[in-house]
There are 4 protein chains.
Amino acid sequence: MVIVMEKSATPEQVRRVEEKLKDRGFSTHLSQGVERTIIGAIGDRDAALMESLATLSGVERVVPILKPFKLCSREFKGEDTVVRVGDVEIGGGELQVIAGPCAVESREGFLEVAEMVKAAGATVLRGGAFKPRTSPYSFQGLEEEGLKILREARQLTGLPVITEVMDPRLVSTVCEYVDVLQIGARNMQNFFLLREVGKIKSPVVLKRGPSATIEEWLMAAEYIISSGNTNVILCERGIRTFETYTRNTLDLAAVPLVKQLTHLPVLVDPSHGTGKWKLVGPMACAAVAAGCDGLMVEVHQNPSEALSDGPQSLTPSNFERMMENVRRVFEAVSCAS
Amino acid sequence: MVIVMEKSATPEQVRRVEEKLKDRGFSTHLSQGVERTIIGAIGDRDAALMESLATLSGVERVVPILKPFKLCSREFKGEDTVVRVGDVEIGGGELQVIAGPCAVESREGFLEVAEMVKAAGATVLRGGAFKPRTSPYSFQGLEEEGLKILREARQLTGLPVITEVMDPRLVSTVCEYVDVLQIGARNMQNFFLLREVGKIKSPVVLKRGPSATIEEWLMAAEYIISSGNTNVILCERGIRTFETYTRNTLDLAAVPLVKQLTHLPVLVDPSHGTGKWKLVGPMACAAVAAGCDGLMVEVHQNPSEALSDGPQSLTPSNFERMMENVRRVFEAVSCAS
Amino acid sequence: MVIVMEKSATPEQVRRVEEKLKDRGFSTHLSQGVERTIIGAIGDRDAALMESLATLSGVERVVPILKPFKLCSREFKGEDTVVRVGDVEIGGGELQVIAGPCAVESREGFLEVAEMVKAAGATVLRGGAFKPRTSPYSFQGLEEEGLKILREARQLTGLPVITEVMDPRLVSTVCEYVDVLQIGARNMQNFFLLREVGKIKSPVVLKRGPSATIEEWLMAAEYIISSGNTNVILCERGIRTFETYTRNTLDLAAVPLVKQLTHLPVLVDPSHGTGKWKLVGPMACAAVAAGCDGLMVEVHQNPSEALSDGPQSLTPSNFERMMENVRRVFEAVSCAS
Amino acid sequence: MVIVMEKSATPEQVRRVEEKLKDRGFSTHLSQGVERTIIGAIGDRDAALMESLATLSGVERVVPILKPFKLCSREFKGEDTVVRVGDVEIGGGELQVIAGPCAVESREGFLEVAEMVKAAGATVLRGGAFKPRTSPYSFQGLEEEGLKILREARQLTGLPVITEVMDPRLVSTVCEYVDVLQIGARNMQNFFLLREVGKIKSPVVLKRGPSATIEEWLMAAEYIISSGNTNVILCERGIRTFETYTRNTLDLAAVPLVKQLTHLPVLVDPSHGTGKWKLVGPMACAAVAAGCDGLMVEVHQNPSEALSDGPQSLTPSNFERMMENVRRVFEAVSCAS
């Protein structure tokens, strides 16, 4: 880290900073300019020490040099992580498409749409059993009943299934029914939950929080990995900005950026990312062109009857069309120089 | 709600919307303009129905008219809610100040600062036993040991104590030790946790999420109240914006706004709201001038040794000075016309 | 528009709103619900009247129904606008690529890079003669000298050229030298400048402001068109958000959205949109996959010697590689179903 | 500045960075850690050089150490700048209140409201003659006619007057009529305009752009000061965030922050900062409690007939009440310890 002293800092104040650093085992380099004295400190990044230094008199600010994430960083592990979900490999060079309705609403409906999305080329099924809803008066999911339907759909189609888990008390139950756990955007910094899914072996899709920086998102992944579970898949799903035409602003630049910074696979969810089904197709193509490892898309056989997220759900036939376009784009970028 | 049809909508499409509304028990009014047909629908706000209508062909958008929050709204209950915390009344016309360190770090240290902030006029003690930290490598709190220290500080000072709860499994344990539970900003939409604290009787301080709109914040309060606990205290603590000089952007306009929209008391946390101790004093004064019911302030006897949030913590003597200034401003606005 | 009355609004207050609307020639529809009275008003959107109604007692809020933009809307003109720039058609189904350095720095350098980008497939040349810089101490451009170099490059390569104009006093001068004027992001709401470029016939590329909503962006286009110049080309270049890894957040969903809302062509600038040259290639592909009509890309023969925007500039060989990839993606989406 | 090398940087790459720095007259310090090599460089901040270094191979990022603003910094000039506007001193320890309608709409109306706000204690009159409006179809101001009315109001009341200038061609004309020029938020980075008002002697109120960081705002002030005009007054008027209940989010922490960073006086505009007249009073008090040097408030004798900004305008009697409250708060903070 680099400690920038105030212009008016006294030699005594500089000395106290250096001492504190040496006490903690850092070696220091002093650069004395006309305008400022700066102190370079070589050693591990340590958030508490950085905060502590920032409060000493004469210190203007402390600039971190090393990135705070380690286990998920590309520097720690050079080659891409490939996460296996049943027979499906995420991050292995194939484009994987997770599709299904926002919520499991009924057995018949879900099994029907499951077969439809499989036929169109989806490789993983999605469906929410526990739904995080802004309003306590909205449909909150079928809960364990929904998990049973997911399991049945898996048996029927042979596709692995993914569902969101929100409560640390339910992690082991949910694991019994599904192949992949999803940490939703609102729970990205629910650290008890992150540690809980860090203790299991099932793959975890970690959605980016709507106001999370890329660094915070990777730190959340770091929670899971450092608790023991390395099967982490990132998923960009849009951030909150001032623009209100779309539900969120899909940050596609995060895709190539995250591929540079980490070895983890990254998905894109154009459904939540836009909130409008007419934008899902173009943004799915754009996400693939940006280099993502897969997509996560909401499909409902009858969006106008959906209990949640109807406006952003594709009909099965629109999903089919999206798949055709997406495949062409994937081929185009696969042979990229 | 109001349904705006596309310019090109057919009479048949309009009819289908009207039918759907009538099926759900809404009475409708048709306004046929040159540019647009709009349909006014009188009845309860229903998120699923609004989404459903938005997906029908010919519909451009659906505009909600009623606010989504009910039990916490000023319309539902006209007079101010006063929440009792031990002998302290929050929202009752007195300014209450919650103070203490970010985290309980040691028994001696906490008891010492507890007496100091009491002497300076704090009416509630704060201290974190479980700490939500961006990095898994940072200090995560003393956990139950911390709760015991909080209880001891309460006995020593006679002041009620507040601490954050992050895990629904720990709600009842935490309740045994402290007087008020805090839902942290990152957990504002942790709906399982909200429902869990909705089942108890202890007061709950609900911090605004860093990317939560005022409406979402009030919907989170609605989760708690509709689960049975009406002792909800709101706390503005800054939102995330593009500005990086400060840790967050303290949205003080939320204070008078929330007082208009709801009957709940509202606090302001200028420590997290700014991230810089030099700004805490001025912003505490500003918050009081804006009409808040109380403050929540981080105080540490030695900020440069704090294990977290040192840069935004006041020393006890700075806290004393803040209290003097804040009192003067409170008197000035109390006799406001 | 729809006027939502407060729950407590009196019949007299409702009457006053209706009267005001009728005075202005609106026909009104009253919907009296249990919770609220709402008044639908049929007539032209009128910002001043909406504000005026919002201040009447008993009015909770006024909800606009019609969009504020007219001449640039898809409803006003159904077919796509094709803007001719020399022999190049923007919006006509071909992908156009505008390329060149951020600033014209020297005659030799610019002519060299102009030939390079032409060889790689660029169809329009870009180069700044007047540079808007955050700091008054940074290079501000060669000014009229730069315009002469641009003209020479046009003669040399046969490609049309584009440059930014910032000062209404210089519009006619700049027009003498270049084919297309650019309104930069920071000047998107410089209304005097918009009206000035509205009086000429040259095509205008209108960049989206870093904090402009899509609606405000289209209203800026409306300024130009309503002043008489219909040759407007939109350009998405990233918006300002809390994320700091990238210079801006490129909002690619704006591309299909703007194509739905307006008849104007839309470009994407992945250089400013990301600020990092390593992200320019993937985001250029993503932009094309999202359906844009063209790209605007910064290329410098030696980015580490550039006087501005070096970190986001491609070298000519990286630009060549980008062009190959972009072409493949364009073909893939061109045959999209 | 500090140059952080990539983990994999070669000694040769490090050498090339050092060489480039030495060529530009910087002295360098090398800190070689296990994880990273960092190079400290002592010398003036130079944006072009920083960008240039960032593009060299092996460089991860370049961290600026010195702040980019100079002439407006507290380090450059320790004592507060006091700007004289007629007999009024802004920044001299008295609270100054600029009040009046958004736009000058008619001679009679303006003279009437001018006398009213003077009676209530306003010390400067405001009124727009040229109005920046999002829509080309909205009222754009009375232009030179409006300037004449402003001059007449000045003669009548004896108060100095302020108005916005948007077009560099009109700076000298506007100067003939008014005492203070305002640079509006949308023009904060209209650099030609900034340089133009830098050439005159009249005081300039520089509003913060809705998406401008504090650093960019101060750099805009630097444009004016470095062009020769030191009479710059800053004005916080809210930034754009995701919150839509208010028109902008008033960033009051900017007030004490800017007072630390610069020697310039700072005003707050709670009218644009909130967009709702009911919030103007509380936020005016909060702004004063935060330490601002003055307020800028929109007052209209009949807000429901205003041609612009009616919803955020106070009536004269509400303005009177605001003034009383504001005075009490100002007294409370004036004797602050």
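Quick rundown of the values:
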quantity	calculated
Boolean, D:THR213 is closer than 18 Å to C:ALA185 by Cβ, at pLDDT 95 or above and in the same structural domain as D:ALA129 (by TED's automatic domain parsing)	yes
Hits in region D:268-283 (condition: under 21 Å from D:ARG327 (Cα atoms) and facing chain B (nearest Cβ under 9 Å))	D:PRO270, D:GLY273, D:THR274, D:LYS278, D:LEU279, D:GLY281, D:PRO282, D:MET283
Residue satisfying condition, being at pLDDT 95 or above, assigned to a helix (DSSP H, G or I) and more than 9 Å from every other protein chain (Cβ to nearest Cβ), within set A:ALA221, A:ALA286	A:ALA221
Considering residues of region C:4-51 that are surrounded by fewer than 17 Cβ atoms within 10 Å (Cβ to Cβ) and among the hydrophobic types (A, V, I, L, M, F, W, C) only, the residue nearest to D:GLU305 (Cα to Cα)	C:LEU30
One residue from D:ILE90, D:ILE98, D:ILE38 being among the hydrophobic types (A, V, I, L, M, F, W, C) and within 10 Å of chain A (Cβ to nearest Cβ)	D:ILE38
Residues (surrounded by fewer than 22 Cβ atoms within 10 Å (Cβ to Cβ) and either more than 11 Å from chain D (Cβ to nearest Cβ) or assigned to a helix (DSSP H, G or I) (or both)) located in region B:238-267	B:LYS259, B:GLN260, B:LEU261, B:HIS263
Subset of region A:268-283 (residues that are in contact (Cβ under 8 Å) with a residue 40 or more places away in the chain and assigned to a helix (DSSP H, G or I))	A:SER271, A:HIS272, A:TRP277, A:VAL280, A:GLY281
Residues located in region A:5-35, provided they are hydrophobic (A, V, I, L, M, F, W, C) and at the interface with chain D (Cβ under 9 Å from one of its Cβ atoms)	A:LEU30, A:VAL34
Any hit, region A:3-15, residues being touching a Ser or Thr at 6+ places or on another chain (Cβ under 6 Å), outside the structural domain of A:MET219 (by TED's automatic domain parsing) and within 24 Å of B:PRO136 (Cα to Cα)	no
Criterion: closer than 25 Å to D:LYS67 by Cα and surrounded by 15 or more Cβ atoms within 10 Å (Cβ to Cβ) - qualifying residue of A:GLY100, A:GLY58	A:GLY58
Residues being under 17 Å from C:PHE191 (Cβ atoms) and among the hydrophobic types (A, V, I, L, M, F, W, C) - total across region D:140-180	6
Residue count for region C:289-337, restricted to those that are farther than 20 Å from A:ALA287 by Cα, part of a helix (DSSP H, G or I) and among the charged types (D, E, K, R)	2
Qualifying residue in region B:146-162 (condition: at pLDDT below 95, in a loop (DSSP other than H, G, I, E, B) and at negative phi)	no
Some residue of region D:123-137 being buried (at least 23 other Cβ atoms within 10 Å of the Cβ) and part of a helix (DSSP H, G or I)	no
Meets criteria (closer than 17 Å to D:PRO68 by Cβ, more than 7 Å from every other protein chain (Cβ to nearest Cβ) and in contact (Cβ under 8 Å) with a residue 60 or more places away in the chain) for D:VAL205	no
The lone exception for C:MET116 - which of (1) surrounded by 23 or more Cβ atoms within 10 Å (Cβ to Cβ); (2) in contact with a helix residue (DSSP H, G or I) (Cβ under 6 Å, 6 or more places away or on another chain); (3) more than 30 Å from D:SER135 (Cα to Cα); (4) in contact (Cβ under 8 Å) with a residue 60 or more places away in the chain it fails	(1)
Test: residue in region B:229-236 that is surrounded by fewer than 24 Cβ atoms within 10 Å (Cβ to Cβ), within 14 Å of chain D (Cβ to nearest Cβ) and modelled with pLDDT of 95 or more	no
Residue match in region B:139-148 (condition: of a type in the set (A, V, I, L, M) and free of Cβ contacts under 8 Å to residues at least 40 places away in the same chain)	yes
Candidate set from region C:61-93 (those that are of a type in the set (Val, Ile, Thr) and more than 20 Å from C:VAL268 (Cα to Cα)); member that is surrounded by the fewest Cβ atoms within 10 Å (Cβ to Cβ)	C:VAL63
Criterion (farther than 24 Å from C:LEU147 by Cα and either assigned to a helix (DSSP H, G or I) or β-branched (Val, Ile, Thr) (or both)) met by exactly one of C:GLU176, C:GLU216	C:GLU216
Condition check for D:LEU142: more than 9 Å from chain C (Cβ to nearest Cβ), modelled with pLDDT under 95, assigned to a loop (DSSP other than H, G, I, E, B) and buried (at least 19 other Cβ atoms within 10 Å of the Cβ)	yes
Tally, over region C:293-313, of residues that are modelled with pLDDT of 95 or more and within 14 Å of chain A (Cβ to nearest Cβ)	2
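Residue-by-condition table, conditions (1) hydrophobic (A, V, I, L, M, F, W, C); (2) within 28 Å of C:GLY198 (Cβ to Cβ):
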{"position": "D:ARG84", "(1), (2)": "no, no"}
{"position": "D:GLN96", "(1), (2)": "no, no"}
{"position": "D:VAL113", "(1), (2)": "yes, no"}
{"position": "D:GLY146", "(1), (2)": "no, yes"}
{"position": "D:GLN155", "(1), (2)": "no, no"}
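The values are calculated or read from the model by the stated rules, or taken from the named source; none is laboratory data. Nothing here was measured: the structure is a model prediction, and the numbers come from that model. For neighbour counting, all protein chains shown are included, and Cβ atoms are generated from backbone atoms with ideal geometry for every residue, glycine included.
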